[in-house]
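Have a look at the structure below, then the notes.
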Amino acid sequence: MKPYFYKIKEKNSGRYYVGCQYGIKSNPSNFWVTYFTSNLYVKSQPKNNFEVVAVYERADARDYEKRYLQKCYRLLGRDKFLKILINRNIAPGILNTPETLLKANTPEKRLKSSLAAKKRIEAGTHNFLLNPHKPTEEQRKRSSERMKGNTLGKLINRDEAFRNNQAEKSKGNTNVRGKQWWNNGADRKRSKESPGQGWIKGYRINTANEGIKINGRSRIL
């Protein structure tokens with residue numbers, strides 16, 4: 001096994017594609033001989049439409065590819081990246097175009113994706129269950145700063161028709177029925193009972209010096 005990173009160029013468009021091979025059969029001598037990348041577009045084209053620009057054997061080929069693509073994206077920006085590179089997966093993250101979005105948004109694919117997501121939720125293997133997002137204190141502060149002075153919510157006309165429409169959409173949703181917000185000063189979650197020691201009722205996460213004094217004692221609400 002000899003992991004390697006490669007870079008090829010499409011002759012007629014001048015676009016590049018970068019990738020790596022790191023499996024048990026990986027070997028730089030295989031590239032463009034028996035291995036022609038994993039990209040469907042590249043593999044669908046005649047091989048003489050491309051020229052091999054570089055092949056580097058390196059143990060960290062997979063991580064190097066990620067760093068390379070992410071650096072290209074930061075330096076070029078989204079629009080220029082899409083013009084210069086064939087890659088659409090910048091690990092992590094997929095760069096969609098109007099064409100790929102239209103292709104992926106068919107009723108059949110939406111149904112298939114919905115069924116697959118439900119199965120993963122039932123099995124407890126969905127990404128948001130395995131890797132729940134937990135913003136850092138710095139991220140919370142930045143979000144708070146961005147929201148200061150935000151009055152967009154006032155533009156919503158929450159009249160009787162709006163409330164009836166929202167109620168109709170929520171019918172049958174039992175995901176949060178009987179549950180309430182709890183937080184432990186760092187994280188929050190919904191549950192019917194306290195998640196454990198140190199958790200208090202309420203959505204707002206307070207810092208240690210926040211609260212209201214009642215009878216001379218500080219109480220976190």
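The values are calculated or read from the model by the stated rules, or taken from the named source; none is laboratory data. Bear in mind that the values here come from a model prediction, so they are computed numbers and not experimental data. Neighbour counts are summed over all protein chains in view; Cβ atoms, including those assigned to glycine, are modelled from backbone coordinates with ideal geometry.
Tell me the residue from R190, R177, R142 that is under 29 Å from the mean Cα position of the chain (by Cα) and closer than 14 Å to R204 by Cα, please.
Only one candidate qualifies: R190.
G14 is checked against (1) modelled with pLDDT of 95 or more; (2) within 21 Å of P92 (Cβ to Cβ); (3) loosely packed, with under 11 Cβ neighbours inside 10 Å and fails just one. What number does that condition carry?
With (1) modelled with pLDDT of 95 or more; (2) within 21 Å of P92 (Cβ to Cβ); (3) loosely packed, with under 11 Cβ neighbours inside 10 Å applied to G14, the lone miss is (2).
Scanning for something farther than 30 Å from K80 by Cβ and surrounded by 10 or more Cβ atoms within 10 Å (Cβ to Cβ), does segment 99-109 turn up at least one residue?
Looking for residues that are farther than 30 Å from K80 by Cβ and surrounded by 10 or more Cβ atoms within 10 Å (Cβ to Cβ), one finds none in segment 99-109, hence no.
Filter segment 143-158 down to the residues that are surrounded by 10 or more Cβ atoms within 10 Å (Cβ to Cβ) and of a type outside the set (D, E, K, R) and list them by number.
Once the filter is applied, which keeps residues that are surrounded by 10 or more Cβ atoms within 10 Å (Cβ to Cβ) and of a type outside the set (D, E, K, R), segment 143-158 yields only S143.
Among the strands (runs of 3 or more DSSP E) lying completely within segment 1-90, list those that include at least 3 residues that are hydrophobic (A, V, I, L, M, F, W, C) and in contact (Cβ under 8 Å) with a residue 40 or more places away in the chain.
Those strands (runs of 3 or more DSSP E) span 50-57.
Anything in segment 126-139 that is loosely packed, with under 11 Cβ neighbours inside 10 Å and under 16 Å from the mean Cα position of the chain (by Cα)? List them, or say none.
Scanning segment 126-139 gives N127, F128, L130, N131, P132, H133, K134.
Please list, ordered by first then second residue, the pairs with beta carbon atoms under 6 Å, 6 or more apart or interchain, first in segment 110-131 and free of Cβ contacts under 8 Å to residues at least 24 places away in the same chain, second surrounded by 10 or more Cβ atoms within 10 Å (Cβ to Cβ) and part of a helix (DSSP H, G or I).
Listed by first residue and then by second, the contacts come to H126/R120.
Which residues, counting only those in segment 159-200, are surrounded by 12 or more Cβ atoms within 10 Å (Cβ to Cβ) and out of contact with any strand residue (DSSP E or B) (no Cβ under 9 Å at 6 or more places or on another chain)?
Hit for segment 159-200 is D187, nothing else.
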